Every structure is written in structure tokens, then in C-alpha cells.
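What follows is calculated from the coordinates using simple rules that are stated; it is not laboratory data. Predicted model, so just to flag it, every value in this text is computed and none were measured. Glycine also receives a Cβ, built like all others from the backbone with ideal geometry; neighbour counts cover every protein chain displayed.
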Amino acid sequence: MPEKFLDKVYDVSGMEETRALYDDWAASYDTELGSAGYATPARTAKALAAHMGDRSASVLDFGCGTGLSGAALRAAGLTTIDGVDVSDEMLAEAQGKGAYRCLDRIGFDDDLSDRRGRYAAVAAIGVIGAGAAPLAVFDRLMALLEPGGLFAFSFNDHTLENRSYEAHVSEWTDTGAARLLVSDYGPHLPARDLNSRVYVLERK
């Protein structure tokens, strides 16, 4: 019976343990998520595309994994997508999707400052939260955007249990540093009765 990584992902801790899990998961990731009805990539991509005036503008798919998010972004009509991830094995799977202009391996602590101002939008689909990247990544990604840039991301039910995540979004919007364009709660992994909240913010 194939190993079920969904039963393990929320228990990992530390950067290297997380990278190792995603490297090991890469070959079966699409199958396992697909069998659970993984709905968040399509929901997030459609929400972002609805607010992109120029759908050929560059989008950074942060934590692109095996490319399910990039494929969803392209299916939503976005055509210029760069992907970055910490896992070589995930990136190898993403290469076969044909969704990306380029794919790059990054480190956990990379601030990506060399990419600042290069993207009209950043997507972090299923990336920030329990079993994945820490909340500090949120600010690093927002810092890449010029005023008017869009940030599309999602928090699943496990992440939403920790109120600090939604509170951090509110800090950005309440101070006027960002404008909330989308906040939509809906299916994440229907076969596991899990939902997610999809957001799109505009950097002010």
C-alpha cells in the first residue's frame, strides 16, 4: 500500500525534516492529493485571475511543489509563471507540467530580494501554515510586490485553528498596507472533510 504522507505532514518540524518529507512525497503527491479532491489550487487561481488586469503579467508561484498550483494558474488564464520551491524532487515533477517559464530551487531562509518588483502577483497556494512554511514567509512575499501587486494565498482548516494567521492578514488590511479583494471559505480536501480560506490581497 502506498505511503500516506497526508497523515504525516502536520507532524513534521524543522526545515530539513520538512524538505525530506516533501522530497519523499514528490512521486506520489499528485495522486494522493488528487484522490482527496484537492480543490484549493483551482479556487485560488481563479480568484487571482479575476483580479489580474493583464493575464500575461509575471506571477511568482512560491512553494510550487509538483506544479499543481502552476497548472491551475495556467488553466485560469495566467500565462507567465515562475516557480520556486525548497524540494529538488518536487521541482523535478513540476518540470513535466509545462506550466512554468522557469523553475528554481530556493533555501528556507531566502528573502528573494533579487526578485523584488519583478512580479505583478505572487501566489502561495497551500504553502503558509501547519505542516508547511512559517507565517514569517507572508511578509517576505508581500515585500516582493510593488503597490498594486496582488498576493493570492490560502490557509487550510489546520492553519485556521491558529488565530494568529488570520490576525496577521488583518494587521495588513487594518493598517491600510493592503486591501482585501477576496476572502472565500470553501473546499480544500473534500474526501477528508477539510476546507480552506482563499485570499487575494492588493499591496498598497
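The table below gives the values:
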quantity: Ranked list, fewest to most other Cβ atoms within 10 Å of each Cβ, for Val59, Val169, Val122; calculated: Val169, Val122, Val59
quantity: Cα-based radius of gyration of region 127-183 once divided by 2.2 N^0.38 Å, which approximates compact folds; calculated: 1.10
quantity: Dipole magnitude of region 5-203, debye to nearest 20 (Cβ charges: Lys/Arg +1, Asp/Glu -1, about Cα centre); calculated: 840 debye
quantity: Prolate/oblate/rounded call for region 24-143, Cα gyration tensor, a/c under 1.5 rounded; calculated: rounded
quantity: Prolate/oblate/rounded call for region 102-157, Cα gyration tensor, a/c under 1.5 rounded; calculated: oblate
quantity: Label-point separation, Thr79 to Ala50 (7 Å along Cα→Cβ), nm; calculated: 2.3 nm
quantity: Equivalent ellipsoid, region 150-204 (semi-axes from 5 times Cα gyration tensor eigenvalues, Å); calculated: 23, 12, 6
quantity: Where N is the number of residues in the chain, Cα Rg divided by 2.2 N^0.38 Å; calculated: 0.94
quantity: Equivalent ellipsoid dimensions for region 86-204 as semi-axes, Å, which come from the Cα gyration tensor, largest first; calculated: 22, 21, 13
quantity: 0 to 90° range, to nearest 10: angle between helix 40-49 axis and the chain longest Cα axis; calculated: 20 degrees
quantity: Counted charge near Arg140, where neighbours are those whose Cβ lies closer than 11 Å (Asp, Glu -1; Lys, Arg +1); calculated: -2
quantity: Where labels lie 7 Å past Cα in the beta-carbon direction, separation of Ile106 and Arg118 in nm; calculated: 1.0 nm
quantity: The chain - mean residue ellipticity at 222 nm from DSSP helices (-39,500 (n - 2.57) per run, n ≥ 4, rounded to 500); calculated: -10000 deg cm²/dmol
quantity: Dipole of the chain, positive direction: furthest Cα of Thr66, Ala42, Phe108, with charges on the beta-carbon; calculated: Ala42
quantity: Ser196, Ser35 arranged by Cβ crowding within 10 Å, fewest neighbours leading; calculated: Ser35, Ser196
quantity: Residues Leu48, Leu73, Leu135, Leu189, sorted so that the one with the fewest Cβ neighbours within 10 Å comes first; calculated: Leu135, Leu189, Leu48, Leu73
quantity: Percent RCO, i.e. relative contact order, over region 5-203, from Cα pairs under 8 Å lying at least 6 residues apart; calculated: 22 percent
quantity: Hz values of 3J(HN,Hα) by residue in region 118-133 - Karplus curve (6.51, -1.76, 1.60), Gly and Pro given as x; calculated: 8, 10, 6, 8, 10, 10, 9, 8, x, 10, 9, x, 4, x, 9, 6
